[in-house]
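Chemist: Questions regarding the structure given below will be posed in turn.
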Amino acid sequence: MELSSYISDLLYRYECVILPGLGAFLTQSKSAKIDFETNTFYPPGKSLSFNSHLQTNDGLLANHIARVENSSYEEALSKIRAEIKILKKSLELGKTVSFKNIGELKTDINHYVVFHQDANSNFLIESFGLTSFASSKVFRESKVINTEKAESLFNREKRAIPLLKYAAIGLLAIGLTGMSGLFVYNNAVEEHNLVEKQKANSLVENQIQQATFVVNSPLPSLNVTIKKPLGKYHIVAGAFRVEENAMAKVEELKEKGFPSRFIGINNYGLHQVVYNSFTTKEEALSTLRSVKQTENIDAWLLVQELN
């Protein structure tokens with residue numbers, strides 16, 4: 001089984017893709033930039049890293065493979081574990097493990113796993129189709145001015161300045177005259193508007209004093225309850241073929257103090273029950289680790305928007 005294509009599909013949509021028992025690929029958005037030394041433009045994208053400490057299965061990769069290959073979750077997880085076993089053996093032998101369009105994994109002299117991202121990979125959907133490009137340098141030419149011609153132009157402009165002065169003074173005088181007339185007109189209009197406004201206010205006050213307002217049946221108060229969003233990160237406790245068994249599991253977990261609930265039927269017709277749902281991935285992973293240690297080692301993380 002070729003994992004590269006499945007991992008690539010998920011990296012476009014998720015920030016963390018875990019390979020159980022090996023590590024996790026992590027993405028982080030980066031802005032567009034320009035390398036002024038090489039005159040190269042790089043579009044916005046996602047930088048990719050690998051963390052060998054994140055090895056706990058969250059169910060994301062296995063669920064994706066099961067959905068694409070139309071197989072069960074257990075079958076997909078078994079294929080992943082077999083593939084990871086081969087990859088880990090190659091790394092232990094000092095070989096380089098390549099993931100197409102993603103990058104390469106290898107071990108250094110201290111036996112730590114080191115990742116090198118493929119320079120042509122870009123998992124930012126908004127930048128799909130954009131590539132880096134280099135532009136040639138722009139050379140600016142300096143012009144030599146003919147001093148004799150410039151001096152002739154300066155003399156002509158100098159002679160024209162007195163005429164422009166007189167013309168400007170005449171235009172200023174005309175403008176001031178017009179503005180004074182406009183000022184007198186505006187004063188008259190404002191005085192008229194003020195008188196009319198006072199008349200209107202007096203009329204409205206008289207009508208308000210004569211009016212009587214009676215409310216026979218006031219409207220009842222409206223109470224609005226806004227539900228807090230539950231989030232898209234769900235810790236799955238189990239999936240049941242029979243709905244009654246799923247609801248019984250919900251009641252059992254509620255008695256233990258978990259805000260458990262039924263989140264619907266998956267693509268395989270199973271009724272899914274979760275311990276809790278979270279809005280942030282960090283909080284969900286932290287709770288998942290606690291649940292695995294104290295409640296259920298087979299619990300896993302489902303990332304899905306619910307209606």
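Chemist: Quick one: which of 295, 205, 305 is open to solvent by 50 Å² or more (accessible area, probe 1.4 Å), of a type outside the set (Ser, Thr, Tyr), in contact with a Lys or Arg (Cβ under 6 Å, 6 or more places away or on another chain) and modelled with pLDDT under 90?
Modeler: Only one candidate passes the filter, namely 305.
Chemist: Given the structure, is residue 64 closer than 27 Å to residue 233 by Cα and assigned to a helix (DSSP H, G or I)?
Modeler: Against the criterion (closer than 27 Å to residue 233 by Cα and assigned to a helix (DSSP H, G or I)), residue 64 qualifies.
Chemist: Within segment 278-307, which residues are small (Gly, Ala, Ser) and part of a loop (DSSP other than H, G, I, E, B)?
Modeler: 299
Chemist: So, in segment 67-81, of the ones that are in contact (Cβ under 8 Å) with a residue 40 or more places away in the chain and of a type in the set (A, V, I, L, M, F, W, C), which residue ends up surrounded by the most Cβ atoms within 10 Å (Cβ to Cβ)?
Modeler: Out of the qualifying residues, it is 80.
Chemist: Does any residue in segment 93-106 that is surrounded by 15 or more Cβ atoms within 10 Å (Cβ to Cβ) come within less than 8 Å, Cβ to Cβ, of a residue that is basic (Lys, Arg) and in a strand (DSSP E or B) six or more places away or on a different chain, and which pairs are these?
Modeler: Within 8 Å, the pairs are 97/106.
Chemist: Which count do you get for residues in segment 261-292 that are within 21 Å of residue 16 (Cα to Cα) and surrounded by fewer than 17 Cβ atoms within 10 Å (Cβ to Cβ)?
Modeler: Qualifying residue count, segment 261-292: 8.
Chemist: Can I ask one more? Test residue 55 against the criterion of being free of Cβ contacts under 8 Å to residues at least 40 places away in the same chain, touching a Leu at 6+ places or on another chain (Cβ under 8 Å) and of a type outside the set (Val, Ile, Thr), and give yes or no.
Modeler: yes
Chemist: Next up: Take the residues of segment 108-123 that are part of a loop (DSSP other than H, G, I, E, B) and over 22 Å from residue 38 (Cβ atoms): which is modelled with the lowest pLDDT?
Modeler: Applying the filter and picking the extreme gives 123.
Chemist: Any residue at all in segment 217-226 that is open to solvent by 40 Å² or more (accessible area, probe 1.4 Å), closer than 30 Å to residue 62 by Cα and modelled with pLDDT of 60 or more?
Modeler: No - not one qualifying residue is present in segment 217-226.
Chemist: Starting from segment 243-261, keep only residues that are closer than 15 Å to residue 272 by Cβ and free of Cβ contacts under 8 Å to residues at least 60 places away in the same chain, then list their pairs with residues that are surrounded by 13 or more Cβ atoms within 10 Å (Cβ to Cβ) and of a type in the set (Val, Ile, Thr) whose Cβ atoms are within a distance under 6 Å, requiring at least 6 positions of separation or different chains.
Modeler: 246/273; 249/273; 250/273; 260/250
The values are calculated or read from the model by the stated rules, or taken from the named source; none is laboratory data. What you are looking at is a predicted structure, and each value in this text was computed from that prediction instead of being measured. We place every Cβ from the backbone using ideal geometry, glycine too, and count neighbours over all the protein chains shown. Calculation scope for accessible area: heavy atoms of the full protein, side chains included, ligands and nucleic acids excluded. Shrake-Rupley method; radii C 1.70, N 1.55, O 1.52, S 1.80 Å.
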